[in-house]
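Please read the structure below before turning to the comments.
Only the coordinates and a few stated rules stand behind these numbers; no lab work does. All values derive from a computational prediction rather than experimental measurement. Please note: Cβ atoms are built from the backbone with ideal geometry, for glycine as well, and neighbour counts cover all protein chains shown.
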Number of protein chains: 2
Amino acid sequence: MIFHQFFEKESSTYTYLIASEQTHEAVLIDPVASEIESYAEKLNEHNLTLVYSLDTHVHADHVTAANLLREKFGCKTVLHRHSGVACGDIFITDRSAIRVGEILIEARYTPGHTNACTSYVVDDMIFTGDALLIDGCGRTDFQEGSAETLYDSIHQQIFTLADETIVYPGHDYKGRLSSTVGHERLHNARLGQGKSKQDFVQFMTNLDLPYPKKIDIALPANKACGQA
Amino acid sequence: MIFHQFFEKESSTYTYLIASEQTHEAVLIDPVASEIESYAEKLNEHNLTLVYSLDTHVHADHVTAANLLREKFGCKTVLHRHSGVACGDIFITDRSAIRVGEILIEARYTPGHTNACTSYVVDDMIFTGDALLIDGCGRTDFQEGSAETLYDSIHQQIFTLADETIVYPGHDYKGRLSSTVGHERLHNARLGQGKSKQDFVQFMTNLDLPYPKKIDIALPANKACGQA
């Protein structure tokens with residue numbers, strides 16, 4: 001498997017490239033519009049064909065590259081049925097899967113940060129978007145978010161995976177690249193051992209976060225697959 | 001929308017072509033390997049690009065054209081996650097959907113004839129495969145079939161649609177092309193008004209049908225997307 005993790009500084013977003021060494025077909029998870037040239041370079045470097053562009057959810061902090069990539073490479077855009085993004089090509093639901101050569105990418109519905117969040121499982125890795133972050137999680141106060149739902153999603157769909165499963169989050173603001181399910185299940189400050197659902201809901205309710213800076217630009221753009 | 005219904009005589013199979021008049025992208029539902037030339041002609045006639053080949057289930061009576069179409073047109077093969085067909089490209093689950101131009105194709109999981117049957121809803125049409133047939137239904141004695149499950153699938157996923165929804169089945173052995181949800185809900189000999197789940201299960205259990213003629217050839221072939 002060919003694997004690459006990209007970092008977009010402005011929104012601290014991680015984007016992931018996964019490709020088959022057998023067929024040279026590739027997918028990108030959570031591509032950012034401004035970074036399209038670096039994706040093109042990496043695809044070119046490994047002689048890859050981009051087949052799918054996957055979003056874990058409708059982002060509020062950056063604009064997806066979905067439409068730019070579709071126009072440039074003819075790939076299909078993939079996201080959850082509940083996203084409300086009519087311009088998507090393939091609308092997945094829980095346990096839908098997409099095959100790229102020898103690689104199977106499984107969708108796990110993990111709502112709570114938004115109503116349409118999906119994590120993607122590939123072998124011993126899970127790409128959690130803004131559901132589970134390293135030592136944290138996505139906020140739950142916009143886009144039909146719900147702390148109760150997020151707690152259940154993470155416990156039922158992510159923490160049920162093997163300890164050694166690598167967690168690749170949608171963001172990190174402290175330069176950390178990955179974690180593991182076992183580590184987060186024990187040590188996540190909001191969701192680790194000993195943190196009850198009640199504790200979690202109370203914590204999330206009291207976060208008192210500022211209004212997301214780019215939400216009024218990013219949401220309408222992302223509902224249009226990133227088109228201006 | 002461009003629409004065409006094909007008939008394959010040997011197994012009395014219906015195949016459906018659905019295409020966007022805006023983008024000229026097309027899908028085929030339940031294509032049969034032996035009929036690939038007639039699909040190619042029809043695609044050519046309307047200047048269409050085949051984007052997806054969808055199967056409602058793993059057929060026991062004919063060999064799917066999925067792989068031939070993928071090789072010839074570069075389309076993606078789509079079928080239910082539970083099909084056990086590792087060579088598929090996109091593995092849908094209940095309420096997954098695929099967009100082709102202005103057309104949305106919604107998957108409804110309708111197991112019972114097999115454990116992986118899916119019906120596809122497009123506007124006011126439903127393509128029911130071998131779940132609901134005209135005045136009948138698929139047999140339930142092979143491929144993890146279950147009369148109880150089929151009864152629930154048809155009542156919950158098909159009979160809940162509007163009366164005027166057109167039912168396009170996977171087969172008809174008497175030359176009938178289509179029916180409607182309203183007609184089948186009232187008059188289907190096995191599942192219509194007044195037929196209880198108990199009646200249905202008893203009827204299906206006592207059918208005493210012969211061993212399917214082509215199952216030993218068709219199943220292994222279809223598990224390989226139709227490759228010999």
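Rounded to the nearest 0.05, what FRET efficiency is calculated for B:Asp163 and A:His187 with R0 set to 60 Å and r the Cβ-Cβ distance? If you can, show how the numbers build up before the last one.
Numbers: r = 56 Å, r/R0 = 0.94.
Result of the calculation: an efficiency of 0.60.
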>> If amide hydrogens are placed 1.01 Å from N in the peptide plane, which non-local residues have theirs closer than 5 Å to the one on B:His113?
In response: B:Ser146
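Listed here are the pairs A:Lys174/A:Lys213; A:Lys42/A:Lys76; A:Lys76/B:Lys76; B:Lys72/B:Lys213; which of them are more than 21 Å apart at the Cα?
Numbers: A:Lys174/A:Lys213 19 Å; A:Lys42/A:Lys76 19 Å; A:Lys76/B:Lys76 11 Å; B:Lys72/B:Lys213 29 Å.
Check vs 21 Å cut-off fails for B:Lys72/B:Lys213.
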> Going toward the positive end of the dipole of chain A, with +1 on Lys and Arg Cβ and -1 on Asp and Glu Cβ, which of A:Gly182, A:Cys117, A:Leu50 do you reach last?
Replying inline: A:Cys117
> What is the average number of partner chain Cβ atoms found within 10 Å of a Cβ in B:74-82?
Replying inline: 2
>> Tell me whether segment A:1-134 comes out rounded, prolate or oblate; compute the Cα gyration tensor, take square roots of the eigenvalues as a ≥ b ≥ c, and use a/c under 1.5 as the rounded threshold.
In response: rounded
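Roughly how many debye, to the nearest 20, is the charge dipole of the protein assembly as shown about its Cα centre, given +1 on each Lys and Arg Cβ, -1 on each Asp and Glu Cβ, and no other charges?
Working: 38 positive and 62 negative charges, 74 e Å.
Rounded to the nearest 20 debye, it is 360 debye.
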>> Would you report the distance distribution of C-alpha pairs in the protein assembly as shown as whole percents per 10 angstrom bin, up to the bin with the largest distance?
In response: 4, 20, 28, 23, 16, 7, 1
> Spin-label point model (7 Å from Cα, Cβ direction): what's the B:Gln156 to B:Ser12 distance in nm?
Replying inline: 3.0
> lysines within cross-link reach of B:Lys214: Cα-Cα under 19 Å, excluding same-chain residues under 8 positions apart?
Replying inline: B:Lys9, B:Lys223
> How many nm is it between the label spots at B:His24 and B:Gln198, if each spot is 7 Å from the Cα in line with the beta carbon?
Replying inline: 5.9
> In what sequence do B:Asp61, B:Asp216 fall when counting other Cβ within 10 Å, fewest first?
Replying inline: B:Asp216, B:Asp61
> For chain A, modelled as a Gaussian network with Cα springs under 10 Å, which listed residue fluctuates most, A:Ala65, A:Ala218, A:Ala162?
Replying inline: A:Ala162
> Can you list the residues, at least 5 places off or on another chain, whose amide H is less than 5 Å from the amide H of B:Gly136, using H built in the peptide plane?
Replying inline: B:Ala189
> At what distance in nm do the modelled label points of A:Ile215 and B:Asn206 sit from each other, each positioned 7 Å from its Cα along Cα→Cβ?
Replying inline: 6.3
> What ranking do B:Met1, B:Met125 get, fewest neighbouring Cβ atoms within 10 angstrom at the top?
Replying inline: B:Met1, B:Met125
>> Tell me the net charge near A:Glu164. Cut-off is 13 Å between Cβ atoms, A:Glu164 excluded, with +1 for each Lys or Arg and -1 for each Asp or Glu.
In response: -3
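Mind jotting down a quarter of the surface of the convex hull over the alpha carbons of segment B:84-228, in square nanometres, one decimal? Intermediate results must be reported in sequence, preceding the final value.
Numbers: hull surface 37.5 nm².
Mean projected area for segment B:84-228: 9.4 nm², to one decimal.
Using the crude model of +1 on Lys and Arg Cβ and -1 on Asp and Glu Cβ, and no other charge, please compute the dipole size for segment B:1-151 relative to its Cα centre, in debye to 20. Walk me through the numbers on the way to the answer.
Working: 10 positive and 23 negative charges, 79 e Å.
Dipole size: approximately 380 debye.
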